[in-house]
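Worksheet for the structure shown next.
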Amino acid sequence: MKNIYISLFLMFTLQSVAISQTISLDTKNATVAFHFISEKTKGTLTGVKANLTIDPSNLSFAKVLGSVDVTTLSTKNKMRDKHLKSDDFFNVEKYPKMTFQSSDIYQEGNKYKSKGILTVKGIQKEVTFDLKNTDSTLVFSTTIYALDFDVSTKKKREKSKVYVEVTLPYNP
């Protein structure tokens, strides 16, 4: 009887994996926008690389893996950009990439979430992104604290709040 359950489980699992698909993302037009809230500083990063594998009928098999090139950071102010790329903030020479790897994609009410590990400057923290799908674009958004990743001169965590929005166009 135990073997029957194992066989059924494997058959169900293999069927679910078989219908999973990797979404073709348009990473050339993907961006990461950020807003350091207390500083009123906004900017973008490009050089996004991402893979999304999803089975719409079973989100437990969905996976997101992405990175962004921190050297592309732009606030439209060259002096500020240079300072943000320095050792005081992102230290792009030592840490040229930020990464995110999902551990769970799930539905909460009528909203979708993607929980996983965000790595900035070698520091890993679990974060949860809200996930929207609009006009052939996936939008991941969250609020993090720069101080958690040693990317802030603020002493109080609440003063280092950063809103992050990742836009990933895809080909349906």
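No lab work stands behind these numbers, since they all come straight from the coordinates. Quick caveat, the model's predicted, so the values are computed rather than measured. No Cβ is skipped: glycine too gets one built from the backbone with ideal geometry, and neighbour counts run over all protein chains shown.
Any aspartates and glutamates with Cα under 20 Å of the Lys155 Cα? List them, leaving off those in the same chain fewer than 8 positions away.
Qualifying aspartates and glutamates at Cα under 20 Å: Glu39, Asp87, Asp88.
Just the projected area, averaged over all directions, of the convex hull on the alpha carbon atoms of the chain: how many nm²?
Approximately 12.3 nm², given one-decimal rounding.
Could you derive backbone 3J(HN,Hα) for segment 52-62 from the dihedral phi with the Karplus parameters 6.51, -1.76 and 1.60 (θ = phi - 60°), listing whole Hz in sequence and x where the residue is Gly or Pro?
Here the 3J(HN,Hα) series is 10, 10, 9, 10, x, 7, 8, 5, 5, 9, 6 Hz.
Cut-off 10 angstrom, C-alpha nodes, Gaussian network model of the chain. Which of Lys82, Lys161, Lys63 fluctuates the most?
Comparing Lys82, Lys161, Lys63 in a Gaussian network model of the chain, the most mobile one is Lys82.
Here are some pairs, Lys85/Lys125; Lys28/Lys159; Lys40/Lys132; which of them have Cα atoms lying more than 29 Å apart in this structure?
Distance filter (> 29 Å) returns Lys28/Lys159.
Residue by residue through segment 97-104, which ³J(HN,Hα) values in whole Hz follow from phi under the Karplus form 6.51 cos²θ - 1.76 cosθ + 1.60 (θ = phi - 60°), with glycine and proline marked x?
Rounded to whole hertz, the list is 10, 10, 10, 9, 10, 6, 10, 7.
Efficiency by 1/(1 + (r/R0)^6): what FRET value for Thr71 and Gln21, r their Cβ-Cβ distance, R0 = 30 Å, to the nearest 0.05?
Once the sixth-power term is evaluated, E becomes 0.40.
Return the FRET efficiency for the residue pair Lys40, Lys125: r is the Cβ-Cβ distance, R0 is 25 Å, and the value is rounded to the nearest 0.05.
Once the sixth-power term is evaluated, E becomes 0.55.
Quick one: Karplus J couplings for segment 82-88, per residue in order, coefficients 6.51, -1.76, 1.60, θ = phi - 60°, nearest Hz, x for Gly and Pro?
4, 5, 5, 7, 6, 4, 5
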